[in-house]
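In what follows, a single structure is set out as C-alpha cells and then discussed.
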Amino acid sequence: MWLSSQLYLIGVLPEFQGHGVGRRLIGAVASRLLEQGVTSLRVLVVSVNPHRRFYEGPGGRLVGGVPYDWNGVPLTEVIYGWDDIALLALPE
C-alpha cells in the first residue's frame, strides 16, 4: 500500500539555522512516518518565503503549487515532495 503524508510547518530560530537542525527535524519526521508505513512526503511553503529552497537541499522536488489566502492576501503555496522518504530518515 502507498501512503503519503504532508509536513505542515517547520520552523528553526535564526540563530540555529545553517547548523543542520532543520535537516535533523525532517529526518526525524521521515523516520517516524516510515515506522507507520508512510513512504512519501509533501511540504507546502508560501512562495514568498525566502527560505523555501531549504527543502531542495535534502532532495525535495518542486511538484506544483496551490492558491493560498493569507488573511485576505492572495498568495501561492509551492509544493515540494519526496517519493521515497527512506532517503531522508535518520540513521539508526
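Here is how the number arises for the chain: DSSP H runs of 4 or more residues each give -39500 (n - 2.57), the sum is divided by the residue count, and the result at 222 nm is -5500 deg cm²/dmol.
Order the peptides 44-54, 12-22 from the highest to the lowest mean number of other Cβ atoms within 10 Å of their residues. Mind showing how you got there, number by number?
Numbers: 44-54: 14.5, 12-22: 11.3.
The peptides rank, most packed first, as 44-54, 12-22.
Accessible surface computed residue by residue for the chain, with neighbouring protein chains in place and a 1.4 Å probe, gives 67 Å² per residue.
Within the set [x] 13.6, 45; [y] 18.4, 56; [z] 14.1, 47, the number that Rg and Dmax of the Cα atoms in Å takes when calculated for this structure is listed as [x].
Taking all protein chains as present, what is the carbon and sulfur share of the accessible area of the chain, in % to the nearest whole number, probe 1.4 Å? Carbon and sulfur: 59 percent of the exposed surface of the chain. To test your reading of the geometry: what angle, between 0 and 90 degrees and rounded to tens, separates the Cα axis of helix 21-35 from the longest principal axis of the chain? Long axis of 21-35 versus the principal axis of the chain: about 60 degrees. Seen from Glu77, the other residues with C-beta closer than 12 Å to its C-beta sum to a net charge of +1, counting Lys and Arg as +1 and Asp and Glu as -1.
The values are calculated or read from the model by the stated rules, or taken from the named source; none is laboratory data. Since this is a predicted model, take the numbers as computed values, not measurements. Neighbour counts are summed over all protein chains in view; Cβ atoms, including those assigned to glycine, are modelled from backbone coordinates with ideal geometry. Protein only, heavy atoms only, side chains kept; ligands, DNA and RNA dropped before computing areas. Shrake-Rupley method; radii C 1.70, N 1.55, O 1.52, S 1.80 Å.
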